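Structure first, commentary second.
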Amino acid sequence: MRESKLLVYGATGYTGRLAVAEAVRSGLRPVAGGRNPEKLAALASTTAEGRDLETRAFGLDCPAGLAAALEDVSVVLHCAGPFSRTALPMHDACLRTGTHYLDITGEIDVFEALAARGAEATAAGIMVLPGVGFDVVPSDCIVADLAARHPGGRYLRLGLAARSGTSRGTMRTIVEGIGQFRIRRDGTIRRVRPGELRHAFDFGRPPDAALVGVLGDVSTAFHSTGIPNIETYLQATRTFVRLTRILRDFGPLLAGRTGKALLSRLIDRAPEGPSESARRRAHATMVAEIEDAEGRRAAARVRIPDPYGFTAVAAVAIAGRSLAGDVKTGYQTPSSAYGADLLREFDEVTWEVLGDQATAR
């Protein structure tokens with residue numbers, strides 16, 4: 001029988017390092033994987049309270065080498081984006097080696113591509129569960145809970161208000177999908193123009209305006225609940241309103257090769273991610289609203305401190321369950337694999353059914 005072994009790929013990135021440290025704090029001994037052997041060696045010698053970690057340096061562009069690196073690995077936690085480029089090579093290697101696949105993506109196209117190949121994962125006897133961090137664990141759980149308690153939902157609107165800063169990896173993912181604002185209508189994903197849709201959400205004070213945004217729940221919520229009409233929004237802060245206008249006027253230019261190259265250079269000059277002190281002050285609020293064909297609505301709100309820290313904690317918790325054999329084969333979302341109550345396992349997360357307050361733990 002294969003030894004239970006977790007490999008964190010992208011271990012030297014901003015979120016990857018958080019995940020490795022959290023895994024060690026949780027009593028796991030992960031293998032740190034990535035492309036750069038020098039960075040991996042430095043990570044292993046300075047992380048995990050002085051305990052040396054096994055490292056494996058390999059890229060994703062050689063299928064045979066990638067499969068060899070995973071041959072004795074039972075679970076991969078994939079943290080190296082943009083996942084539009086990296087998810088499928090890692091997924092395909094997991095199919096060949098019988099390795100359960102987890103990642104921290106929030107990219108609609110990645111969720112859809114992996115969902116379309118769910119039968120292959122089932123045949124290989126593995127679980128494929130993307131989105132095991134912030135976006136989409138909290139939203140997927142509150143949406144699944146609402147849908148179970150209020151069957152017959154036809155419309156889902158999800159709003160996000162975040163005060164968390166942004167890592168370079170997240171910014172690169174944003175650049176990859178620049179201007180691709182999408183919703184789901186009658187089961188089909190379609191594009192909308194930046195700023196085309198607006199909705200008000202109760203983020204914890206009088207309703208705040210929000211503008212249509214890009215969240216992975218356009219994909220995952222459909223697979224979790226079957227609700228055919230899904231819209232996702234971001235709070236209409238001054239910064240996001242300004243960004244929406246820029247994308248509306250100059251989106252095609254920014255989405256071209258030259259525009260993306262310029263944005264990439266700017267990202268390289270930015271801090272790697274929020275500082276530890278900034279993370280202590282960070283938080284995010286999500287509001288989910290389901291509406292049925294008669295116009296009846298139900299809503300819930302969840303507040304998550306330190307979204308980057310939450311990603312590490314949630315991803316490692318799910319990896320630990322997977323290592324222990326607690327898996328559901330095939331393509332999964334967080335709630336389809338572990339139920340909506342998965343969210344209640346995490347400290348300091350507050351979950352309110354609006355009008356009937358409850359705390360996640």
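Under a 1.4 angstrom probe, counting protein chains only, how are K5, K328, K39 ranked by accessible area, largest first?
Values: K5 30, K328 95, K39 120 Å².
The ranking, largest first, comes out as K39, K328, K5.
The slack in the chain from R242 to A261, taken as 0.36 nm per residue of separation less the alpha-carbon distance, amounts to 4.7 nm.
The R281 and R96 beta-carbon pair, evaluated with R₀ = 41 Å, returns a calculated FRET efficiency of approximately 0.40.
Determine the share of the range 212-361's accessible area contributed by carbon and sulfur atoms, expressed in whole percent, with a 1.4 angstrom probe. All intermediate terms of the calculation are to be shown ahead of the outcome.
Numbers: 3540 of 7120 Å².
Summing carbon and sulfur atoms, their accessible area is 50 percent of the total for the range 212-361.
Given the C-alpha centroids of the range 8-80 and the range 270-324, what is the distance between them in whole angstrom? Centre-to-centre (Cα) distance: 24 Å.
If you add up the charges near S224, with Lys and Arg at +1 and Asp and Glu at -1, over every other residue whose beta carbon is less than 12 angstrom from its beta carbon, what do you get? Can you show the working numbers first?
Details: positive: none; negative: D140, D145, D217.
Residues near S224 contribute -3 overall.
Looking at the chain, what % of its DSSP beta bridges pair antiparallel, to the nearest 5?
60
Ordered from highest to lowest accessible area with the whole protein assembly present and a 1.4 Å probe, D292, D347 read as D347, D292.
For the residues E54, E231, a 1.4 Å probe over the protein chains yields an accessible-area ranking, largest first, of E54, E231. With both labels modelled 7 Å from their Cα along Cα-to-Cβ, the K328 to A68 distance reads 3.7 nm.
The R296 and S45 beta-carbon pair, evaluated with R₀ = 45 Å, returns a calculated FRET efficiency of approximately 0.20.
For the range 179-310, a/c is not less than 1.5, where a ≥ b ≥ c are the root eigenvalues of the C-alpha gyration tensor, and a/b does not top b/c. That puts it in the oblate class.
Please give the charge dipole size of the chain, origin at the Cα centre, charges +1 on K and R Cβ atoms and -1 on D and E Cβ atoms. Round to the nearest 20 debye.
Roughly 1060 debye, rounded to the nearest 20.
With a Förster radius of 30 Å applied to the C-beta separation of A123 and T188, the computed FRET efficiency comes to 0.65. A probe of 1.4 angstrom, applied to the heavy atoms of all protein chains, finds D249 with accessible area near 100 square angstrom. Rolled with a 1.4 Å probe across the full set of protein chains, the surface gives E294 an accessible area near 130 Å².
When the helices in the chain are scored as -39500 (n - 2.57) per DSSP H run of 4 or longer and the sum is shared across all residues, what 222 nm value do you end up with, to the nearest 500 deg cm²/dmol? So the calculated ellipticity at 222 nm is -12500 deg cm²/dmol. Couplings 3J(HN,Hα) of the range 137-149, computed from phi: 4, x, 5, 4, 5, 6, 5, 4, 5, 4, 5, 5, 7 Hz, in residue order, whole Hz [Karplus 6.51 cos²θ - 1.76 cosθ + 1.60, θ = phi - 60°; x for Gly and Pro].
What full-extension length gain, to one decimal in nm, is calculated for D249 and R321 as 0.36 nm per residue of separation minus the Cα-Cα distance?
21.3 nm
The values are calculated or read from the model by the stated rules, or taken from the named source; none is laboratory data. Note that the coordinates shown come from a computational prediction; the quantities given were computed from them, not determined experimentally. Because the Cβ atoms are built from the backbone with ideal geometry, glycine has one as well, and the counts that use them run over all protein chains shown. Remember, those area values only see protein heavy atoms, side chains included, never the ligands or the DNA or RNA. Shrake-Rupley method; radii C 1.70, N 1.55, O 1.52, S 1.80 Å.
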